[in-house]
Every structure is written in structure tokens, then in C-alpha cells.
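Right, one structure below, let's go through it.
The values are calculated or read from the model by the stated rules, or taken from the named source; none is laboratory data. All values reported here derive from a predicted model rather than from experimental measurement. Neighbour counts run over all protein chains shown; Cβ positions are idealised from the backbone, glycine included. These area figures cover heavy atoms from the full protein model, side chains too; ligands, DNA and RNA do not enter into them. Shrake-Rupley method; radii C 1.70, N 1.55, O 1.52, S 1.80 Å.
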Amino acid sequence: MLNRQALENYTFAGTKFTIPAGTKLAIPVYGIQTDPDIYPEPEKFDPERFEEDAVAARHPMSFLAFGDGPRNCVGTRFAHYQSKIGLATILGNYKVDVCEKTTIPFEIDKGVPFLTIKRGVHLKISKA
Ligand code: HEM
């Protein structure tokens, strides 16, 4: 969820729907990023969704994992590098498997304010 406050009245193009200045807004990132009209089969691992032409074909606010605008995440590039280096190190040196404790499909924990998977993510990692 991203929180914002409207600085001025905003009317959505082609509608009579206006957000008055001063309104506090909660932007439902999880809802947007799992909307099947935007991302068909949203739970499916499909890296091709993030190819340049696929990204260009979507509304620019369809992916908000790092927020957007002047107060977006200052750590975006660092987080991307760190995740890529971490994944490359693990996948290049270890074999990653599911195990008896892995929950498939995963379940979102609705009892906490942050996006969390119930019972965590358990994988079996062995030396390749
Ligand atoms: C996968 C990792 C990360 C994710 C998904 C993430 C996500 C986010 C999101 C959604 C916001 C709110 C943006 C908005 O309201 O538009 C944010 C803000 C912020 N993030 Fe991250 N972040 C990550 C890693 C990091 C790292 C590594 C750092 C620092 C090294 C960092 C520093 C910050 C700071 C300082 C803000 C507040 C920016 C402001 O209010 O101006 N984040 N992050």
C-alpha cells in the first residue's frame, strides 16, 4: 500500500470522478500487481512480463514495487543489484529444490500489515 495526499483536485479523464484536494489516498499496490486484467495469471512466474515491449505496452503505474514519483524508493537500484548478485550466487553454486515444508500454493498472511507469506518460504538448498 502506498500513501499519498492529493495536492489539488484531480478529475479522471473522461469521467466525472474527482478526487478533491487534501484527500488521503491509499494506493493498493498488491491489488494492482495481481489484477488479471493487467497481469493475466498473476500468480504464475513469468519473467517475460518484464521484457521491454511488455512493460511499454502497460500503463506506467502498473508496477509499483518501488513506488513512483519524487518520494519513490531511493534504494531501487541498490535493491536490484543486490537481488541479482544474491540470486546469481545462490543459483550458480547451489541446487534449489522444494521440500516437505514448502507451501504450494503459498498463502498470504492477512493478519499482518505487510505482505507476508504464511509459514515463511522453506526451500532445500544443497551444494551443486
Ligand atoms: C526489494 C527491496 C526494496 C523494495 C521492494 C522497496 C520498496 C519501497 C517502497 C514501495 C517505497 C515507498 C515509495 C513510494 O511511496 O513511492 C520505498 C521507500 C524508500 N526506500 Fe525502499 N525498497 C527496497 C529497498 C530499499 C533499500 C535497499 C534502501 C536503502 C538502501 C531503501 C530505501 C528507501 C527509502 C529511504 C525510502 C523512502 C523514500 C522517501 O520517502 O523519499 N529501500 N521503498
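Points worth noting:
- Rounded to the nearest whole Hz, the Karplus-based 3J(HN,Hα) values (6.51 cos²θ - 1.76 cosθ + 1.60, θ = phi - 60°) of the range 84-93 follow the sequence 5, 5, x, 5, 4, 5, 5, 5, x, 10, with x at glycine and proline.
- Inter-label distance, residue 78 to residue 23: 3.5 nm, where each label sits 7 Å from its Cα along the C-beta direction.
- Over every Cα atom in the range 2-73, the radius of gyration and the widest Cα-Cα span, Dmax, amount to 14.4, 39 Å.
- The eigenvalues of the Cα gyration tensor, multiplied by 5 and square-rooted, give the chain an equivalent ellipsoid with semi-axes of 34, 18, 16 Å from largest to smallest.
- Environment charge of residue 128, counting only residues whose C-beta is closer than 14 Å and scoring Lys/Arg +1, Asp/Glu -1: +2
- Applying 1/(1 + (r/R0)^6) with r as the Cβ-Cβ distance of residue 104 and residue 125 and R0 = 22 angstrom yields a FRET efficiency of 0.85.
- The portion of the accessible surface of the chain made up by carbon and sulfur, rounded to a whole percent, is 61 (1.4 Å probe; DNA, RNA and ligands excluded).
- Over 31 Å apart at the Cα level, from the set 16/44; 101/127; 44/124; 24/84; 84/118; 84/124, are 16/44; 24/84.
- Residue 16-residue 32 pseudo-label distance in nm [points 7 Å out on the Cα-to-Cβ vector]: 2.7
- Rounded to the nearest Hz, the phi-derived 3J(HN,Hα) couplings of the range 22-30 under the Karplus curve 6.51 cos²θ - 1.76 cosθ + 1.60 (θ = phi - 60°) are x, 5, 8, 10, 10, 8, x, 4, 4, where x marks glycine and proline.
- Comparing 29, 74, 112 in a Gaussian network model of the chain where C-alpha atoms under 10 Å apart are linked, the largest mean-square fluctuation is found at 112.
- Å² of accessible area per residue within the range 2-73, as computed with a 1.4 Å probe and no ligands counted: 80
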